[in-house]
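Take a look at the structure below.
The values are calculated or read from the model by the stated rules, or taken from the named source; none is laboratory data. Source: prediction; values computed, not measured. In this analysis, Cβ positions are derived from the backbone assuming ideal geometry, glycine residues included, and neighbour counts consider all displayed protein chains. With ligands, DNA and RNA removed, areas are computed over all heavy atoms of the protein, side chains included. Shrake-Rupley method; radii C 1.70, N 1.55, O 1.52, S 1.80 Å.
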Amino acid sequence: MEESITVNSCELLVVSIGQMAKTRAINIVQKLWAAGIAAEIMYDWSQSQEELQEYCRCSGITYVALISDKEGSHVKVKSFEKERQTEKRILETDLVDHVAQKLRTKVCDERSNREISDLPVQNPKGSSSNISGVFEPHGTAVIPNVCIVASEKLSASARRRCEIQVQTRLQTCIATLQQKTNEVEILAVDLPKETIRHFLSLECDADEQTFYMTVKELMSRLPKQKYLESVCDEIYNIKIKKRVPLLVLYSYRDDYYKILF
């Protein structure tokens, strides 16, 4: 049975103000979806800014893009972070990259905050308690590392968008896996789902020699491509060298994944 992939949250609310703005808003939402950013649309918002902020707070939405007839080729991006509200006017063509960067920064900030909260607490004399090893999550979800093996060179902004897309698409799967272990990594590849299924034949919990024997068998069933070899090498790095227990192999081409144990 194939694993389902669901998106449970809205990261950006696109609000159209005025009749002509509706078409622009629809086009913007389509571009956001294509970039892997979970977005919703609201037509003809006529309430106050305070009511908009309250709606977003109750819905768990941090960012809002206001599309207005009066703004021409620009949009206003509002962010509601904790008790602080900011607003920035940007070109419509820059919106996807701007939001992707915002979300990436938010992910990094949340990770940093978790790590800071898990630092050893100093005793009254100022000396740290004797705690060693990695940071423990203490019930907080850990954002897994995402490794992208692209079939062609990606720009920095395209790579960021891909990372955000992958993290968004797999959030339900990762939350389930992290009930067993926080040692989960994601390998995102540009392969069809039919090819992804073949990777289940790899002996990822064996030694190096056995692993590459199964790689050889895999390659014999598929067109011999340098790209496939790169994917197998990265699987070796994650599963054999680093000994990560769970690897999610994700096709960003077909929005499909399999788990390599």
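Packing, as the average of other Cβ atoms within 10 Å across residues, places the peptides 71-77, 159-165 in the order 159-165, 71-77, highest first.
Which links in LYS180/LYS258; LYS76/LYS102; LYS22/LYS153; LYS76/LYS153; LYS153/LYS193; LYS180/LYS216 stretch past 23 Å when you go from one Cα to the other? Show your work: numbers first, answer last.
Details: LYS180/LYS258 17 Å; LYS76/LYS102 14 Å; LYS22/LYS153 35 Å; LYS76/LYS153 32 Å; LYS153/LYS193 21 Å; LYS180/LYS216 31 Å.
Violating the 23 Å Cα-Cα cut-off are LYS22/LYS153; LYS76/LYS153; LYS180/LYS216.
In this structure, GLN53 and LYS180 have a Cβ-Cβ separation that, at R0 = 45 Å, corresponds to a calculated FRET efficiency of about 0.70.
Residues whose amide H lies under 5 Å from that of ILE41, counting only those 5 or more places away or on a different chain, are VAL14; hydrogens are built 1.01 Å from N in the peptide plane. In the complete set of protein chains, residue-level accessible area for SER48 is approximately 40 Å², probe 1.4 angstrom. In this label model, SER230 and THR172 are separated by 3.1 nm, measuring between points 7 Å along each Cα→Cβ vector. Note on ALA158 and LEU91: their simple-model spin labels are 1.9 nm apart, each label 7 Å out from Cα toward Cβ. Note on SER220 and LYS70: their simple-model spin labels are 7.1 nm apart, each label 7 Å out from Cα toward Cβ.
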